[in-house]
Amino acid sequence: MQRTENQWPMYVSLKKVIKQVGRWTAESWELDQVLPVSQEAPEGAHLIALELHLDERGSYRINLDMDNAMLFVVCDELEDGTWIPTLISADQNVAAGCLEGDTPVLSFLMPEAVACWIEAFITRHGEVEICAHRRKHVNRRKNEGPSTNSNAGRFNHE
């Protein structure tokens, strides 16, 4: 598997960490290694492609403009508690959606080479306008909208 315009294959390996919390021990998972496919695969690593999608360019831009751009590794949790990496994304919305569904997600700082590759993808396909999802029927500058309409809720009985 080779890197293309919209896919960058990587080897991802995780490690189980046992932490002492008071009298109790807690098991958690951390990223062990994330390496490009051009390097030798670490033992136990999974081959996963970071894939870029045209409709996620706005999210990529927001991520790149942050002080600490991140990549997110989405994992499957097996019945025995083992985590298996299944997806790498640069879209914070993908990570948030997974977390809301109780799907494990790990994050790490985006390597500069990956950031440049994503920047080139955005440049090649064009920037996407990023806007807040305001209600389009309300124009606050002109004080217009359903809450300012004096006839709202009234019937015209003619």
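The values are calculated or read from the model by the stated rules, or taken from the named source; none is laboratory data. The structure displayed is predicted, hence computed values, not measured ones. Counting neighbours? That spans all protein chains shown, and the Cβs are built from the backbone with ideal geometry, glycine included. Keep in mind that these areas ignore ligands, DNA and RNA; they rest on the heavy atoms of the full protein, side chains included. Shrake-Rupley method; radii C 1.70, N 1.55, O 1.52, S 1.80 Å.
Solvent-accessible surface of the range 41-87, averaged per residue with a 1.4 angstrom probe and all protein chains in place: 55 square angstrom.
Derived scalar couplings between HN and Hα for the range 109-126 equal 4, 6, x, 4, 4, 5, 4, 5, 5, 5, 4, 5, 4, 5, 4, 5, 9, x Hz in order, rounded to whole Hz, by the Karplus curve 6.51 cos²θ - 1.76 cosθ + 1.60 (θ = phi - 60°), x for Gly and Pro. Ligands, DNA and RNA left out, the accessible area of the range 25-113 computed with a 1.4 Å probe is 46% carbon and sulfur. Neighbours of G81, meaning other residues whose beta-carbon lies under 15 angstrom from its beta-carbon, give a summed charge of -4 when Lys and Arg score +1 and Asp and Glu score -1.
Positive end of the dipole of the range 47-120 (Cβ unit charges, origin at the Cα centre): among L78, S89, S59, the Cα lying farthest that way belongs to S59. Counting Lys and Arg as +1 and Asp and Glu as -1 over every other residue whose Cβ lies under 12 Å from the Cβ of A69, the net charge comes to -4. Each residue of the range 26-39 was assigned a 3J(HN,Hα) from its phi angle through the Karplus expression (A = 6.51, B = -1.76, C = 1.60, θ = phi - 60°), giving 10, 9, 9, 10, 9, 5, 8, 8, 10, 10, x, 5, 5, 9 Hz with x at Gly and Pro. The residues packed around L35, meaning those with a beta-carbon under 14 Å from its beta-carbon, carry a net charge of -2 if Lys and Arg are +1 and Asp and Glu are -1. For the range 1-130, a crude dipole built from +1 on the beta carbon of Lys and Arg and -1 on the beta carbon of Asp and Glu, taken about the Cα centre, is about 300 debye to the nearest 20. Taking every protein chain into account, the 1.4 Å probe leaves R3 with about 140 Å² of accessible area, to the nearest ten. Centre-to-centre separation between the Cα atoms of the range 92-132 and those of the range 42-72: 4 Å. Ordering of 82-92, 8-18 by packing is 82-92, 8-18, highest average first (other Cβ atoms within 10 Å, averaged per residue).
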